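To start, the structure under review is shown below, and the notes come after it.
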Amino acid sequence: MGKNECDVLVVGGGPAGLSTAIALRQRGADVLLADALTPPIDKACGEGIMPDSRSDLARLGIELPESRGAEFRGIRFCDSRSSVSAVFPSTRGLGLRRTVLHQLLADHAADAGVRFAWKTSVKAVPGQPITLNGEPVRYKILVGADGQSSRIRTWAGLDQGSLLSRRFGFRVHYRIAPWTSSVEVHWAPTGQAYVTPISENEICVAMVSRSLSGARSRDLIESIPELRNRLRGAEIITRERGAITTTLRLRRVVRGNVALVGDASGSADAITGEGLAMGFRQAILLADALHLSMGNEGLSLYQRGHASIMRQPQAMARILLLMDRWPLLRDRVLCAFASDPAVFQTLLNVHIGEKPLRQFLLRQAPTLGLRLLLPSLA
Ligand SMILES: Cc1cc2nc3c(=O)[nH]c(=O)nc-3n(C[C@H](O)[C@H](O)[C@H](O)COP(=O)(O)OP(=O)(O)OC[C@H]3O[C@@H](n4cnc5c(N)ncnc54)[C@H](O)[C@@H]3O)c2cc1C
């Protein structure tokens, strides 16, 4: 095919775009991927690859090398009064610098035969054809993987939906030996700090808050005595990087021959740690659907499956953001988890897809509800 001609044009070469390109190539499609930047592309992120994300990547034939990051065994939630931990039942998570993850995915896509147009400005003006660096492009299917402010989404008329939450995040790396083998979520009055071990002498700290000033790293860390003490004197080794995290539910992610993946197709707040996993799952689903039919039928299958991929992470985001907004609820939930860690363990298992939600609702939700109403039971 010609330089600007392909079966599938993927706009956006972040984790979702790259994994979609890989999945499509594996099913034989000719794929051209365009991005304004060049690898490795950095982005503010908690840098925790959850076990379910690792399994999704394994389905794409990508094994993340442990030697490039640091494995973590579970999740710890804590505030100034309570602390509770749960471990992943089978696979471990992996803390990995975003740039390392991006380069690994880009290398894998190159090996799979994806054609790239890096450093390419993609123009998507409603009513006009898409151009790459001002040149026309021919494709059968267009995939918008261009992140949360997706222009392809607007171009295709797919912006309708509900913005359920919007928060500010900052990320910074410290040179310090990790003191924990979990991802720690420290709850503070103005937001949360997530600590992810990413090598034997580095950690990533992501701060997320409803207000921009609340998310400024040092302020949030200073408000959490445990973190303030641990990080005192530790060298900051990267420039602070910020981003907005949203929970966005779109009415549709498909129109005509256009499909959206990754953050372009909706999102769940960063606190879920599921942003990457959702993108990888959508990549596999879209490639499978288009393999069955490179047209409307395939895209309708994708639309249906996409909704079920988003359901649970978005529900979890809403619950966790209630805790963010209501201090009394947060105190009671954390106290209840701390006094009965099995509940927290089950919730984690549900979150990473190891247990059905039904099991939690039937067995543990009633007791948890009672504990929240009558905290003296905790
Ligand atoms: C503070 C924070 C912490 C997070 N922590 C985690 C975590 O620990 N674990 C997790 O799984 N998820 C986490 N997430 C979410 C995760 O980072 C996102 O879900 C993920 O980056 C989405 O990937 P994507 O490929 O859809 O979009 P992006 O990574 O945003 O990639 C979009 C790409 O499109 C390109 N692009 C955009 N417009 C154009 C254009 N017009 N022309 C050409 N190229 C274009 C951009 O250059 C970019 O490369 C976090 C998010 C935030 C904000």
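The values are calculated or read from the model by the stated rules, or taken from the named source; none is laboratory data. These numbers were taken from a predicted model, which means no experiment stands behind them. Cβ placement follows ideal geometry from the backbone for every residue including glycine, while neighbour counts extend to all protein chains displayed. Accessible surface is based on the protein model in full, side chains and every heavy atom, while ligands, DNA and RNA are left aside. Shrake-Rupley method; radii C 1.70, N 1.55, O 1.52, S 1.80 Å.
Things to note:
- Qualifying position, being modelled with pLDDT of 95 or more and under 24 Å from Ser150 (Cα atoms), among Arg255, Arg230: Arg255
- Residues satisfying the stated conditions in segment 11-38, i.e. within 9 Å of the ligand (Cβ to nearest atom) and assigned to a loop (DSSP other than H, G, I, E, B): Gly12, Gly13, Gly14, Asp35, Ala36, Leu37
- Number of the exception - Leu362 against (1) open to solvent by 30 Å² or more (accessible area, probe 1.4 Å); (2) touching a residue at least 12 places away in the same chain (Cβ under 8 Å): (2)
- Those residues of segment 189-220 which are away from the ligand (no atom under 14 Å from the Cβ) and crowded, with 20+ Cβ neighbours inside 10 Å, in sequence order: Glu202
- Residue check for Ser53: within 10 Å of the ligand (Cβ to nearest atom), of a type in the set (Gly, Ala, Ser), open to solvent by less than 20 Å² (accessible area, probe 1.4 Å) and within 30 Å of Arg330 (Cα to Cα): yes
- When segment 177-199 is filtered for residues that are of a type in the set (Gly, Ala, Ser), under 19 Å from the mean Cα position of the chain (by Cα) and within 16 Å of Ile75 (Cβ to Cβ), the ones remaining, listed by number, are Ser182, Ala193.
- Count of segment 122-134 residues, restricted to those that are open to solvent by 70 Å² or more (accessible area, probe 1.4 Å) and under 27 Å from the mean Cα position of the chain (by Cα), is 1.
- Whenever a residue of segment 223-241 is at positive phi and open to solvent by less than 60 Å² (accessible area, probe 1.4 Å), it has no partner that is modelled with pLDDT of 95 or more and part of a helix (DSSP H, G or I) lying with C-beta atoms less than 9 angstrom away and at least six residues away or across chains.
- Selected residue (criterion: farthest from Ile62 (Cα to Cα)) from residues of segment 103-136 that are within 14 Å of the ligand (Cβ to nearest atom) and in a strand (DSSP E or B): Glu135
- So His173, is it touching a helix residue (DSSP H, G or I) at 6+ places or on another chain (Cβ under 7 Å) and either within 15 Å of the ligand (Cβ to nearest atom) or farther than 30 Å from Val350 by Cα (or both): no
Residue-by-condition table, conditions (1) out of contact with any Cys (no Cβ under 9 Å at 6 or more places or on another chain); (2) farther than 24 Å from Lys43 by Cα; (3) assigned to a strand (DSSP E or B); (4) more than 11 Å from the ligand (Cβ to nearest atom):
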position: Arg239; (1), (2), (3), (4): yes, no, no, yes
position: Leu276; (1), (2), (3), (4): no, no, no, no
position: Ala287; (1), (2), (3), (4): yes, yes, no, yes
position: His291; (1), (2), (3), (4): yes, yes, no, yes
position: Gly298; (1), (2), (3), (4): yes, yes, no, yes
position: Arg304; (1), (2), (3), (4): yes, yes, no, yes
position: Ser308; (1), (2), (3), (4): yes, yes, no, yes
position: Pro313; (1), (2), (3), (4): yes, no, no, no
